[in-house]
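Nothing in this text is a laboratory measurement; each read-out follows from the coordinates by a stated rule. Note that this is a predicted model, so its numbers are computed, not measured. We place every Cβ from the backbone using ideal geometry, glycine too, and count neighbours over all the protein chains shown.
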Amino acid sequence: MMHKGIIVEDLKPAADILMRFCQRSGAVGISAHFLNAEDALAYLDEHRVDVMFLDIEMPGISGFELMDRLEYPPQVILTTSKTEYAYDAFQYNVTDYLRKPFTYDRFLESVQKLRIARSDVPEPAEDHIFIKVDGKLIRLEGRDILYIESMGDYVRFVTQQRKYITHNTIKNIESRVEGMGFLKVHRSYIVNMSQVDDLQDTNLIVKGVSIPVSKSHKLRIRQELNII
Amino acid sequence: MTDPIKVSAYRFSEGFDVRFLEDLYAGDTQMAEEIFLSSLDQLEESITMADLHVILKDTESLRRVIHRMKPVFGYMGLLFVQELVQHFEDRCVPDRRMEELENAWHYLRQIMCDANRLTRKECQKLNEFNRLRA
């Protein structure tokens with residue numbers, strides 16, 4: 001299995017070596033190389049990759065700041081010549097931390113971890129959730145929910161038949177419905193992608209209801225909808 | 001017919017961390033030559049930048065340039081120089097006056113220039129080897 005990756009590295013020899021290692025391994029195909037984090041950020045806004053080889057100290061924003069700004073970061077392998085960043089790297093839950101210069105064998109160890117991390121992604125097992133409405137637990141089948149809307153400290157679940165309001169946050173709900181075919185399309189909306197009828201310029205149409213779409217989510221939506 | 005064992009037996013010169021370079025390039029002398037050349041370009045540019053930051057007494061910018069140069073010596077198999085660079089980088093803290101760093105910089109600069117000469121020589125050797133093998 002070939003992972004799609006990018007390199008974010010301002011040091012040319014370091015990027016060249018990494019590129020060669022990726023080619024030699026046959027495990028990672030590099031689609032782009034960036035000399036700074038800002039350019040990488042713009043690219044990741046439009047493209048989806050499996051792995052990012054990321055330097056930390058670069059001109060402009062740092063590798064850590066880049067990770068902070070990504071809503072859906074890919075797996076990250078940090079490449080740095082400083083050991084002092086190891087603790088922060090751990091906090092960011094990166095896949096691996098390569099200290100420059102590293103050998104090909106060490107690089108392969110990282111790629112192995114990447115494979116493990118990918119196969120560790122849990123398969124969606126749940127097809128329902130329970131929500132609490134007026135003190136009662138209500139079971140909602142994932143396939144019945146059209147979309148979920150944020151209302152500040154409350155969240156509205158909209159199904160074909162009716163609407164349910166529960167005390168919760170959209171952020172919390174997002175993690176609970178992950179893997180059930182739902183996608184956050186806007187800061188206030190999570191949509192059941194199997195219920196989408198149409199994608200218009202800045203809106204998704206779900207059973208006749210128009211849902212706003214953020215620019216930053218558009219590419220992911222197109223991928224999820226399998227638009228060719 | 002060319003003997004493949006003889007052709008693949010490139011030996012890096014004394015002064016380099018031969019074992020590390022063999023691990024790093026794994027017999028890919030073409031890659032070694034390319035990386036050595038891009039490392040030399042990088043270092044020459046960085047030394048000029050570092051000189052400028054010393055003149056401007058800009059310790060943080062000097063530290064950044066030094067940090068960037070550090071792994072390049074590793075790619076050239078000069079791990080002891082990389083350690084010296086690390087030591088100097090650690091001294092480039094914001095409250096350190098440039099006057100305290102200047103002598104150390106000139107000492108390190110001399111070592112870097114010697115390392116560059118050694119690497120340039122190795123580049124020629126690699127180039128000859130690669131041409132013969134082509």
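If only the Cβ of Lys and Arg carry +1 and only the Cβ of Asp and Glu carry -1, the dipole of the protein assembly as shown around its Cα centre is close to 800 debye. Couplings 3J(HN,Hα) of segment A:133-145, computed from phi: 10, 6, x, 10, 8, 10, 8, 10, 6, x, 5, 7, 7 Hz, in residue order, whole Hz [Karplus 6.51 cos²θ - 1.76 cosθ + 1.60, θ = phi - 60°; x for Gly and Pro]. Quick one: angle between helix B:29-55 and the longest Cα principal axis of chain B, in degrees between 0 and 90, rounded to 10, please. Long axis of B:29-55 versus the principal axis of chain B: about 10 degrees. Exposed loop sites were defined as GluC sites (Glu not before Pro) in DSSP loop states (anything but H, G, I, E or B) carrying at most 16 other C-beta atoms within 10 Å; in chain A the longest segment without such a site runs A:1-70. What is the magnitude of the charge dipole of segment B:17-133 about its Cα centre, with +1 placed on the Cβ of each Lys and Arg, -1 on the Cβ of each Asp and Glu, and no other charges, expressed in debye to the nearest 20? Here segment B:17-133 has a charge dipole of around 160 debye. Taking the convex hull of the alpha carbon positions in the protein assembly as shown and averaging its projected area over all directions gives 24.0 nm². Near A:SER81, the amide H atoms lying under 5 Å from its own belong to A:LYS100; only residues 5 or more places off or on other chains count, and H is placed 1.01 Å from N. Ordering A:LEU41, A:CYS22, A:ASN172 by Cα displacement along the dipole of chain A toward the positive end leaves A:ASN172 in first place; charges were set at the Cβ atoms of Lys, Arg (+1) and Asp, Glu (-1). Taking a straight Cα-Cα cut-off under 12 Å and skipping sequence neighbours fewer than 8 places away in the same chain, the aspartates and glutamates within cross-link reach of A:LYS82 are A:ASP55, A:GLU57, B:GLU83, B:GLU89, B:ASP90. Taken residue by residue and averaged, Cβ atoms of other chains lying within 10 Å of the Cβ of A:13-22 number 5. Close amide H partners of A:ASN168, meaning residues 5 or more places away or on another chain with modelled amide H under 5 Å apart, are A:TYR154, A:VAL155.
Given contacts defined as C-alpha pairs under 8 Å and at least six residues apart, what's the relative contact order of segment B:17-133, whole-number percent? Result for segment B:17-133 is 33 percent. Helix content alone sets the calculated 222 nm mean residue ellipticity of chain A: runs of n ≥ 4 DSSP H residues at -39500 (n - 2.57) each, divided across all residues, give -8500 deg cm²/dmol. Can you give the angle from 0 to 90° between the axis of helix B:98-133 and the longest principal axis of chain B, with both taken from C-alpha atoms, to the nearest 10? Taking the Cα atoms of chain B, the angle to B:98-133 is about 10 degrees. With contacts taken as Cα pairs under 8 Å at a separation of at least 6 residues, chain A carries a relative contact order of 12 percent. Here the mean projected area of the convex hull built on the C-alpha positions of chain B is 7.9 nm².
Extending 7 Å from the Cα toward the beta-carbon at both A:ASP45 and B:LYS57 defines two label points whose distance is 4.1 nm. Hydrophobic, long helices, defined as DSSP H runs whose alpha-carbon span along the helix axis is 27 Å or greater and whose mean Kyte-Doolittle value is at least 0.0, do not occur in chain A. Straight Cα distances below 21 angstrom link A:LYS163 to the lysines A:LYS132, A:LYS136, A:LYS171, A:LYS184, A:LYS207, with same-chain residues fewer than 8 positions distant left out. Ordering B:THR119, B:ILE55, B:SER39 by Cα displacement along the dipole of segment B:17-133 toward the positive end leaves B:THR119 in first place; charges were set at the Cβ atoms of Lys, Arg (+1) and Asp, Glu (-1). Sequentially through segment A:148-163, phi angles give Karplus couplings (6.51, -1.76, 1.60; θ = phi - 60°) of 10, 10, 7, 10, x, 7, 10, 9, 10, 9, 10, 10, 4, 8, 7, 10 Hz, Gly and Pro residues having no value and appearing as x.
Beta bridges assigned by DSSP with both partners in the protein assembly as shown are antiparallel in approximately 60 percent of cases.
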